[in-house]
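The values are calculated or read from the model by the stated rules, or taken from the named source; none is laboratory data. Predicted model, so just to flag it, every value in this text is computed and none were measured. Backbone-built Cβ (ideal geometry, glycine too); neighbour counts: all protein chains shown. Heavy atoms of the whole protein, side chains included, go into the accessibility calculation; ligands, DNA and RNA do not. Shrake-Rupley method; radii C 1.70, N 1.55, O 1.52, S 1.80 Å.
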Amino acid sequence: MTLRNRELLNLLGVGALTATGFASVYIARQEVVSTASLSYAAFFVALFVAAHMVLRLALPNADPYLLPLGGLLTAIGLTMIYRIEPDQAFRQGLWVVIGLVVFAALIFLVPDYRSLDSVKYILGILSIVLLVLPALPGLGRTINGASLWVGFGGVVFQPGEFAKVLLVVFLAGYLRDNRELLSMGSGRYGVPSPKHFGPLIVIWGGAMLVLLQTNDLGGGLLYFSIFLAMLYIATARWPYVAVGLSLFALGAWGMFQIGPAHLGNRFSIWLDCSWGMSAACDIFEDGYQLAQSIFAISSGGLFGSGLGQGVLLTPEGRPYIPFLETDFIFAAIANELGLAGVGALILLYLLFLYRGFHIAMLADDGFSKLLAAGLTATLAIQAFIIMGGVSGLIPLTGITLPFVSYGGSSIVANFLLLALLLMVSNHVNRDSP
């Protein structure tokens, strides 16, 4: 079976699961079977079959599993958002359409992704500009204490979602050019010279500025973790990771002590409301979201209460957990599908991780290798940060669960990431024996 036929067969399986999910939620809501739920699933399948045709025409040798994995994650998100708020599911569906249009446009307009290497510094500067935009007067929007959004008229988006993709492209080119210098070691254990820690210090300072500017721990942690992951892949030097993590921990502690109150509250809530809820956790005020999230996850049990059957909404139809469809959608999945459901969700991310790193290992040039590894690590790190936050493993952050959470900026940026990864895999598979 050819790669594209295998992909199409997988997409049909994704379509069947999507139809089952939408039908289950619709039955739980209306107690009848309706063609409306099946029409949503049919439209969803048609979108991804169109994306499949784009790959068949432009990237015939691309990995056959990445698009179905992205489709299944998107379907899980749409199903849960439809269960929480049908109107938002409709808007999310529109963003999926836009994301797939951008996905196709990138594939057709950039026939050779390696040409991005020649403009890496422009892309790096653009990523910095995107991160600075929320701080500009008149443009920035602060929501729930975090300044992550930019508004133009009635359109509000999160530029940091696109900055992370541009940052990976820049780092892939920069680290490929400087890996020999950064890999140089001295001493008994081959520890790099202190002068080689310069780029690490600069990026750390940038991460602290992002953290201070946006009041969001997740953004700073995500961008700095992407850099550390790619730096280790490029150099295989553990001191960079050790020093980098120590610097970030020290910087985060400093922000906790002297920074904005929003950051201090996040740490206090995490310390009081997770790892054994203490009497200091005010579950009716600041700690309400995290406490409710942990309750929802724990009450899901092994197999959950079933799609549409969980205790997620009040009798008036409002979510028990604020921002359930964005930051806390993982808790909703755990409540209705149980440990088995979230275990399957994590397995999907692990499969994506496996396919992405497999592509990176097969790549025969440094830029392709670092680009594939960086894009894959970005998605994995972001998924870990948000799942760890809503379950109390790490302090709660405001970033989205890739492909699953509600949000236009996130879904479009993730499809850009997916397109780039498929372009690398097409090149790798075409040139391999």
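Counting only residues that are open to solvent by less than 10 Å² (accessible area, probe 1.4 Å) and hydrophobic (A, V, I, L, M, F, W, C), how many does the range 60-76 have?
Result for the range 60-76: 5.
Go through the range 210-294 and tell me which helices (runs of 4 or more DSSP H), entirely inside it, have 1 or more residues that are open to solvent by 50 Å² or more (accessible area, probe 1.4 Å), under 29 Å from Pro159 (Cα atoms) and at pLDDT below 75. Give the steps one after another, and end with the answer.
Numbers: elements: 217-235, 238-258, 261-273.
Correct list: 238-258, 261-273.
Any residue in the range 15-27 that's over 18 Å from Val49 (Cα atoms): show its pairings with residues that are part of a helix (DSSP H, G or I) and of a type in the set (Phe, Trp, Tyr) at Cβ separation under 7 Å, as long as the two are six or more apart or on different chains.
That search, which allows pairs on different chains as well, returns Phe22/Tyr40; Phe22/Tyr82; Val25/Tyr82.
Matching residues to (1) buried (at least 21 other Cβ atoms within 10 Å of the Cβ); (2) β-branched (Val, Ile, Thr); (3) at pLDDT below 90; (4) over 30 Å from Leu175 (Cβ atoms):
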site	(1), (2), (3), (4)
Leu302	no, no, no, yes
Glu316	no, no, yes, yes
Pro319	no, no, yes, yes
Phe330	yes, no, no, yes
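Within the range 91-112, work out how many residues are open to solvent by 50 Å² or more (accessible area, probe 1.4 Å) and in a loop (DSSP other than H, G, I, E, B).
Residues in the range 91-112 being open to solvent by 50 Å² or more (accessible area, probe 1.4 Å) and in a loop (DSSP other than H, G, I, E, B): 2 in total.
Give me a count of the residues in the range 378-408 that are part of a helix (DSSP H, G or I), in contact (Cβ under 8 Å) with a residue 60 or more places away in the chain and either within 10 Å of the chain's Cα centre (by Cα) or surrounded by fewer than 24 Cβ atoms within 10 Å (Cβ to Cβ) (or both). If you could, list the steps in order and put the result at the bottom.
Quick first cut of the range 378-408, residues part of a helix (DSSP H, G or I) only: 378-390, 408.
Imposing the further condition that a residue be in contact (Cβ under 8 Å) with a residue 60 or more places away in the chain reduces the set to 378, 381-382, 385-386, 389-390, 408.
If we keep only those that are either within 10 Å of the chain's Cα centre (by Cα) or surrounded by fewer than 24 Cβ atoms within 10 Å (Cβ to Cβ) (or both) as well, we get 378, 381-382, 385-386, 408.
Looking only at that region, the number is 6.
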